[in-house]
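No lab work stands behind these numbers, since they all come straight from the coordinates. Small disclaimer: the values here were computed from a predicted structure and weren't measured. When we count neighbours, we look across all protein chains shown, and the Cβ atoms used for this are built from the backbone with ideal geometry, even at glycine.
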Amino acid sequence: MITEGWALADQGQGEAGIALLHEGLSASRATGAEVFMTGWLAMLAEAYGTVGQIEAGLRTVDEALTVAGKTGERVYEAELYRLKGTLALSSLVQRFKSKVTKAQESGVRRLEREAEEYFWNAIEVARRQQAKSLELRAVMSLARLWQQQGKPEEARQLLAEVYNWFTEGFDTPDLQAAKALLDRYKERP
């Protein structure tokens, strides 16, 4: 139920997917099982982000990080920090839908710094765990933020460093997205 709910949300059926995710999480919790709970909660947080329920997504990530601290299950920790950064940036978009005024600029910078910190946390955890795929995802998120902030060369260097580590799997969605992002940097004047 959980993975089916996540897939539904990913395919544009967010509300139905979230309902199924909750149903699956309730069933899992009823058994007393805690194995992979951080992964399930990450799926729920991502689904919340997909439908624009940013605060619910952030609460879910915090719950998952608490579970990770309690159980010691750290396999999804890097992805949780990446999701938290992504959701923080989504909250920025929701709060400042129109042009940002001078008075709002400090709030925007604060949220961007917060998101960047979460992305760095994700990168550090992934590196510590030698989880290159999760490191790549976090680096892509950070690179996109840096690109928006006018730091394309720093973004390209960091992304190229991680991308060039891979020797296979170039048909996977994450490596294809990383390649497309790197290609955009090459196209810049």
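Assorted remarks:
- Per-residue ellipticity at 222 nm, computed for the chain from helices alone with -39500 (n - 2.57) per DSSP H run of at least four residues, works out to -25500 deg cm²/dmol.
- The magnitude of the dipole of the chain, with charges of +1 and -1 set on the Cβ of Lys/Arg and Asp/Glu and taken from the Cα centre, is near 740 debye.
- For region 131-167, chymotrypsin sites (Phe, Trp or Tyr not before Pro) are listed when DSSP marks them as loop and at most 14 other Cβ atoms sit within 10 Å of their Cβ; the list is Trp165.
- Gyration tensor analysis over the Cα atoms of the chain returns equivalent ellipsoid semi-axes of 28, 21, 16 Å (largest first, whole Å).
- Computed from label points 7 Å out along Cα-Cβ, the spacing between Ala33 and Met1 is 1.2 nm.
- Value in Å of the Kirkwood radius, where region 1-112 supplies the Cα pairs that are averaged: 14.7
- Taking 0.36 nm per residue of sequence separation and removing the Cα-Cα distance, the Lys102/Glu114 pair yields an extension gain of 2.4 nm.
- Computed from Cα positions, the angle between helix 132-148 and the longest principal axis of the chain comes to roughly 50 degrees.
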